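For reference, the structure is listed below as structure tokens.
The values are calculated or read from the model by the stated rules, or taken from the named source; none is laboratory data. Worth saying up front: this structure is predicted, and the values here are computed from it rather than measured. So basically every Cβ, Gly included, is an ideal-geometry build from the backbone, and we count neighbours across all protein chains shown. We work out accessible area using only protein heavy atoms, side chains counted, and drop any ligands, DNA or RNA first. Shrake-Rupley method; radii C 1.70, N 1.55, O 1.52, S 1.80 Å.
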Amino acid sequence: MVATQKDIADKLGISVATVSRALGGYSDIAKSTQERVKEVAGEMGYSPNITARQLQKRRTDTIGLILPSENLRISDPFFSEFLSGIMGESTQYGMDLLVSIHPSTKDETELYLNYIRSRRVDGFIVTRTQRQDPRIDLLREHNFPFAAFGRVDGDNDFPLIDENGKLGVQLAVDHLVELGHTRMAFISEPTHLTKAYHRLSGFCRAIELHGLTIDQDLIIEGGFRQRSGHLIGEQLLDMSNPPTAIVACNDLLALGAMRAIQERGLVVGKDISVTGFDDIALAEYVHPPLTTCHQPARQIGKMIYKMLVKEINQESPDKQQIILKPELVVRQSTGPVQK
């Protein structure tokens, strides 16, 4: 027979209310009493009724992460590391992570609204933020807990973690200019995304700071994966005056561009230099190893999870907004311009 709180109370000669509060770790119950109650509960094989406890707290102990079905990124090495960090923290905190996919044919905010109204989750982690993001507008309107990986245009008065993408790309351009490159291309992710917009801004700003001319033909917007980088790489190489260096918005785009270069019999890092962004695990092991901006994906996942838990618990965060400074990792995919 399964032990109950009443069984524990009868054995210890205390009230059921005291047992309940001791197991809940309430501060008005002496530590010695809490320890004794938990010890006896363990001896008797007591298991708490999770559903009842959640109803009592009006909490689900679940955090939501909604992903788009279009360009789903679970196989993306950076996103996989980021998700691993979140999942590791959810285990540490004893909470569940609900990952949902929203159909591309439906308004994503409707799914958020359904979860808010049904209280299926206690808060959301919002990823791939847009410059004008209706999800964040909705969550603000309903005063519902969330933390975002990325910024939006205008006020960022909510918990967020982001990398300084503008600075990261500027570091890459500075590096290429030092190597003698003056004709550089940029392969972008969709620029309605804040991170892509910032990285493109960093590219244009760095070109201007070095007194070079921005060639709009060398700035091409694509998708997220290797295929997009490969197609755009071919497009750049087909130009009558191709670039001597390609700056890609992420590592997968960079890897696709590298493949296009190698298929033409050219040498990456010698004939054409390539840089990426994110420093996924594969970047160090491709041939040649990729020069890229490092982001600690797993650590970011952990940090954003802790930030959201504090928001749910209405605790003051150590810092409301955290903007990480990227580090340029120089490898063999970049080299001096050929004279």
- Leading residue by the ranking (surrounded by the most Cβ atoms within 10 Å (Cβ to Cβ)) among those in the stretch 168-191 that are in contact with a Phe, Trp or Tyr (Cβ under 9 Å, 6 or more places away or on another chain) and assigned to a helix (DSSP H, G or I): Ala172
- Message: Residue pairs, Cβ under 7 Å, 6 or more apart or interchain, first in the stretch 298-318 and without any contact (Cβ under 8 Å) to a residue 12 or more places away in the chain and farther than 12 Å from Phe146 by Cβ, second assigned to a helix (DSSP H, G or I) and open to solvent by less than 90 Å² (accessible area, probe 1.4 Å). List them.
- Response: none
- Message: Looking at the stretch 192-224 only, could you name the residues that are surrounded by 18 or more Cβ atoms within 10 Å (Cβ to Cβ) and of a type in the set (Lys, Arg)?
- Response: Lys195, Arg199
- Query: Any residue in the stretch 175-184 that is touching a helix residue (DSSP H, G or I) at 6+ places or on another chain (Cβ under 8 Å), within 29 Å of Lys270 (Cα to Cα) and either in contact (Cβ under 8 Å) with a residue 40 or more places away in the chain or small (Gly, Ala, Ser) (or both)?
  - Reply: yes
- In the stretch 279-291, what count of residues is obtained for those that are in contact (Cβ under 8 Å) with a residue 60 or more places away in the chain and either closer than 15 Å to Glu163 by Cα or in a loop (DSSP other than H, G, I, E, B) (or both)? 1
- Residues in the stretch 25-57 that are open to solvent by less than 50 Å² (accessible area, probe 1.4 Å), at pLDDT 80 or above and not in a helix (DSSP H, G or I) total 1
- Query: Restricting attention to the stretch 139-151, does a residue exist that is closer than 18 Å to Ile86 by Cβ, touching a strand residue (DSSP E or B) at 6+ places or on another chain (Cβ under 9 Å) and surrounded by fewer than 16 Cβ atoms within 10 Å (Cβ to Cβ)?
  - Reply: no
- Qualifying residues in the stretch 88-97 (those that are at pLDDT 85 or above and surrounded by fewer than 17 Cβ atoms within 10 Å (Cβ to Cβ)) - the one farthest from the chain's Cα centre (by Cα): Asp96
- Item | Candidates Pro317, Pro288, Pro336, Pro296 - the one that is touching a Pro at 6+ places or on another chain (Cβ under 8 Å), open to solvent by 10 Å² or more (accessible area, probe 1.4 Å) and not hydrophobic (A, V, I, L, M, F, W, C) | Pro317
- Message: Looking at the structure I just gave you, is Val121 modelled with pLDDT of 70 or more, open to solvent by less than 40 Å² (accessible area, probe 1.4 Å) and outside any helix (DSSP H, G or I)?
- Response: yes
- Sole exception among (1) touching a residue at least 12 places away in the same chain (Cβ under 8 Å); (2) open to solvent by 30 Å² or more (accessible area, probe 1.4 Å) for Gly265, by number: (1)
